[in-house]
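Data first, discussion second: the structure below is written as structure tokens.
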Amino acid sequence: MRMVAVNGVELAVDEVGQGPPVVLVHGFPHTGLVWSEVRDALREDHRVVVPDLRGFGASTRTTEGLDAGTLSMDLEELVVSLGAGPALVVAIDAGVPAAFLLGMRRPDLLTRLVLVESTLGGLPGAETFFAAGPPWWFGFHQVRGLAESVLRGNEAAYAEWFLDQGTRGRGARPDLRSAIARTFARPDALHCALALYRALPESGQQISAAVAGARLTVPTTAVGAVPVGRALENQLRGVADVLDGHLVEDCGHIVPLDRPEELVGLLRHG
């Protein structure tokens, strides 16, 4: 792993393999380790670039710039600085809005966009998913200081809960589960990561502004599982020129941990 300076921060980047470039973007509460099994499968014939987003993992600890627009600029500078474009960009969960905005702004840097288990702000199409309101932790995370205070001393267990839920109780590989969870037990780690949720209103505005009078021209694949299903695919139908959708059966939210082989197949063959 090495540190790469982009957009005023340093990103911890794991880079392996040779061949067509692939950039893998994590969500919450993840680090780049969430992609470990996908990375190891793709490294045989791809150049695989896996960053920790700003505020996460071993990257710069900050609560600034966790909005999707700034994160997308981080990704843009990363791809350019590594000479890794045009690349297949794959994002999951809270990393999806940043990858989407990158595709809207710099389609020349992408060969294809694969977006996994997330939603895109208030774009039409996800009404059924949000019919009962957003997931409970959205509100919990958005109240400044609350989650940090309530969870103090239990941050690793909290991260592990998400990893277990995201694999439908099957559990992530034990070494990955422990390694990811440990990162959130470090001082200020959870505080920094939660800034992503506190930037959601700004990120939603950025997404709405991006699609006003513009289209996503990059070929895009929407991958759904439980619980998001086809909500993201439905949102993208209104803005993407070239779109296909896949629903991974019997799979939890964290697809790269729960069904890595199936996801690798989609990345290789579409």
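Throughout, read-outs are computed from the coordinates displayed, never taken from laboratory work. Treat the numbers as computed from the prediction; the structure is a model and nothing was measured. All Cβ positions, glycine included, derive from the backbone under ideal geometry; neighbour counts span all protein chains shown.
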Across the stretch 13-40, what is the total count of residues that are touching a Pro at 6+ places or on another chain (Cβ under 7 Å) and more than 18 Å from Ala68 (Cα to Cα)? 5
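Considering each residue of the stretch 103-137, count those that are aliphatic (A, V, I, L, M) and under 16 Å from Val90 (Cα atoms), and give that number.
Of all residues in the stretch 103-137, those aliphatic (A, V, I, L, M) come to 104, 109-110, 113-116, 120, 123, 126, 131-132.
Adding the requirement that they be under 16 Å from Val90 (Cα atoms) leaves 104, 109-110, 113-116, 120.
Within the stretch 103-137, residues that are aliphatic (A, V, I, L, M) and under 16 Å from Val90 (Cα atoms) number 8.
Taking the stretch 32-66 on its own, how many of its residues are closer than 18 Å to Leu11 by Cα and either among the acidic types (Asp, Glu) or in a helix (DSSP H, G or I) (or both)?
Taking the stretch 32-66 as the starting set, the residues that turn out to be closer than 18 Å to Leu11 by Cα are 32-36, 39, 47-66.
Those left that are additionally either among the acidic types (Asp, Glu) or in a helix (DSSP H, G or I) (or both): 32-36, 39, 52, 64.
So the answer is 8.
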Does the stretch 128-144 include one or more residues that are under 17 Å from the mean Cα position of the chain (by Cα) and farther than 24 Å from Pro227 by Cα? no
Out of all the residues in the stretch 28-51, which are surrounded by fewer than 23 Cβ atoms within 10 Å (Cβ to Cβ) and either without any contact (Cβ under 8 Å) to a residue 40 or more places away in the chain or not hydrophobic (A, V, I, L, M, F, W, C) (or both)? Ser36, Glu37, Asp40, Arg43, Glu44, Asp45, His46, Arg47
Those residues of the stretch 225-262 which are outside any loop (DSSP other than H, G, I, E, B), touching a helix residue (DSSP H, G or I) at 6+ places or on another chain (Cβ under 6 Å) and among the small types (Gly, Ala, Ser), in sequence order: Gly245
Would you check if there is a residue in the stretch 68-75 being surrounded by fewer than 24 Cβ atoms within 10 Å (Cβ to Cβ), touching a Phe, Trp or Tyr at 6+ places or on another chain (Cβ under 9 Å), part of a helix (DSSP H, G or I) and hydrophobic (A, V, I, L, M, F, W, C)? no
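Residues that are more than 18 Å from the chain's Cα centre (by Cα) and of a type outside the set (A, V, I, L, M): does the stretch 58-66 have at least one?
The answer is no, given that none of the residues of the stretch 58-66 is more than 18 Å from the chain's Cα centre (by Cα) and of a type outside the set (A, V, I, L, M).
Restricting to the stretch 154-194, name every residue that is charged (D, E, K, R) and within 17 Å of Ile254 (Cα to Cα).
Going through the stretch 154-194, the residues charged (D, E, K, R) turn out to be 155, 160, 164, 168, 170, 173, 175, 177, 182, 186, 188.
Glu160, Asp164, Arg168, Arg170, Arg173, Asp175, Arg177 - these are the residues of the stretch 154-194 that are charged (D, E, K, R) and within 17 Å of Ile254 (Cα to Cα).
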Pairing a residue in the stretch 80-104 that is on the phi > 0 side of the Ramachandran plot with any residue that is of a type in the set (A, V, I, L, M, F, W, C), where Cβ atoms lie under 8 Å and the two sit 6 or more apart in sequence or on different chains, gives Asp93/Phe28; Asp93/Val116; Asp93/Ile254
Arg177 fails exactly one of (1) basic (Lys, Arg); (2) in a helix (DSSP H, G or I); (3) over 22 Å from Ala58 (Cβ atoms), namely (3)
Of the numbered conditions (1) in a helix (DSSP H, G or I); (2) in contact with an Asp or Glu (Cβ under 8 Å, 6 or more places away or on another chain); (3) among the hydrophobic types (A, V, I, L, M, F, W, C), Ala172 satisfies every one except a single condition; which is it? (1)
Applying the selection to the stretch 158-203, what residues are of a type outside the set (S, T, N, Q), buried (at least 18 other Cβ atoms within 10 Å of the Cβ) and either under 29 Å from Met104 (Cβ atoms) or without any contact (Cβ under 8 Å) to a residue 24 or more places away in the chain (or both)? Glu160, Phe162, Gly166, Arg177, Cys192, Ala193, Leu194, Ala195, Leu196, Tyr197, Ala199, Leu200
